[in-house]
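K.L.:
Sharing a structure, written as structure tokens. Questions coming.
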Amino acid sequence: MIEQTLVLIKPDGLKKSLTGNILTRLSETKLEIAGAKIVAVTRELAEQHYRHMKDKPFFNELIDYLTGQLHDRRKVMALVYHGENAISLVRTICGATNPEQAEPTSIRGAYGRITTSGLFENIIHASSNSQEAEREIKLWFKPSELVYRIYPAKKITEKTEKLIWK
Ligand code: ADP
């Protein structure tokens, strides 16, 4: 089945200069990149992204992690991969959530760690199923930022202030 999935290279991945390695590993899937950008992550965005973790004892630390406060890097790289079995292909290369249980050759197994406070700093996020992928892609990307019209979109006219080049 043709699918799309959201990938985030988390702040530890950027701080450890792993962007190139991770993109190379992901290119093994032969999937297409449908969108890519660097995002300065707000607390609201991080809380929306991890809304299913709200009741976890490590939720606040997880939000600090995704917003870059643990790594002095307030940004992540967000990508949308598109193609046959995109979700499971990308999840396999990422490895298990717990970096100690992840395959040693997976991205998380090779580069992740567990902090002394117990948070899994696991370098990368990848959507877990197609419903989550749709929710996450719509949360991180506007239709105009993707090269394919992956989900139905509509045109609206709005009068808002926006930043343009001088
Ligand atoms: P995944 O990122 O593999 O889809 P989850 O959505 O369950 O996994 O968890 C979101 C993130 O929360 C993980 O990527 C990891 O950074 C952190 N996390 C998950 N479970 C734990 C845990 N038991 N202890 C510490 N951190 C965790």
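Only the coordinates and a few stated rules stand behind these numbers; no lab work does. In this text the structure is predicted, and so the values were computed from the model without any measurement. All Cβ positions, glycine included, derive from the backbone under ideal geometry; neighbour counts span all protein chains shown.
K.L.:
Would you tally the net charge around Ala153, using a Cβ to Cβ cut-off of less than 15 Å, leaving Ala153 out, and scoring K and R as +1, D and E as -1?
P.N.:
Summing Lys/Arg as +1 and Asp/Glu as -1 gives +2.
K.L.:
Among Lys15/Lys75; Lys56/Lys138; Lys142/Lys162; Lys138/Lys159; Lys54/Lys142, which pairs are too far apart, with a Cα-Cα distance over 19 Å?
P.N.:
From the list (Lys15/Lys75; Lys56/Lys138; Lys142/Lys162; Lys138/Lys159; Lys54/Lys142), the Cα-Cα distance tops 19 Å for Lys56/Lys138; Lys138/Lys159; Lys54/Lys142.
K.L.:
Then there is this: Measure nothing but the geometry: give the 0 to 90° angle between the long axis through the Cα atoms of 130-140 and the longest principal axis through the Cα atoms of the chain, rounded to 10°.
P.N.:
Tilt of helix 130-140: around 70 degrees.
K.L.:
In whole angstrom, note down how far apart the Cα centers of region 1-66 and region 97-166 are.
P.N.:
Spelled out, the Cα-based centre of one part sits 4 Å from the other.
K.L.:
Here's something else I'd like to know. If you rank Trp140, Trp165 by fewest surrounding Cβ atoms within 10 Å, what's the result?
P.N.:
Fewest-to-most ranking of Trp140, Trp165: Trp165, Trp140.
K.L.:
Suppose every Lys and Arg Cβ carries +1 and every Asp and Glu Cβ carries -1, with no other charges. What dipole size does region 9-92 come out with about its Cα centre, to the nearest 20 debye?
P.N.:
Computed about the Cα centre, the dipole is about 140 debye.
K.L.:
Ranking request for peptides 85-96, 26-37: highest mean number of other beta-carbon atoms within 10 Å first, then the rest in descending order.
P.N.:
Listed from highest to lowest mean packing, they are 85-96, 26-37.
K.L.:
Let's see if you can work this out: charge +1 on each Lys and Arg Cβ, -1 on each Asp and Glu Cβ, no other charges. What is the dipole magnitude of the chain about its Cα centre, in debye to the nearest 20?
P.N.:
Result for the chain is approximately 620 debye, rounded to the nearest 20.
K.L.:
As I understand it, the dipole of the chain uses +1 on the Cβ of Lys and Arg and -1 on the Cβ of Asp and Glu, about the Cα centre. Which of Leu89, Thr115, Leu45 lies farthest toward its positive end?
P.N.:
Selected residue: Leu45.
K.L.:
Here is a further query. Based on the mean of other beta carbon atoms within 10 Å per residue, what is the order of 56-69, 151-164, most packed first?
P.N.:
Order by mean packing, descending: 56-69, 151-164.
K.L.:
Dividing the alpha-carbon radius of gyration of the chain by 2.2 N^0.38 Å (N being the number of residues), what value is obtained?
P.N.:
Here the answer is 1.05, to two decimals.
K.L.:
Provide the gained length on full extension for the span Ser130 to Leu23, in nm with one decimal, where the gain is 0.36 nm per separating residue minus the Cα-Cα distance.
P.N.:
36.4 nm
K.L.:
Net charge near Ile93, counting Lys/Arg +1 and Asp/Glu -1 over other residues with Cβ under 14 Å of its Cβ?
P.N.:
+2
K.L.:
Here's something else I'd like to know. From the phi angles alone, apply the Karplus equation (6.51, -1.76, 1.60; θ = phi - 60°) to region 60-74 and give each ³J(HN,Hα) in whole Hz, x where the residue is Gly or Pro.
P.N.:
4, 5, 5, 5, 4, 5, 5, 7, x, 6, 8, 10, 6, 9, 7
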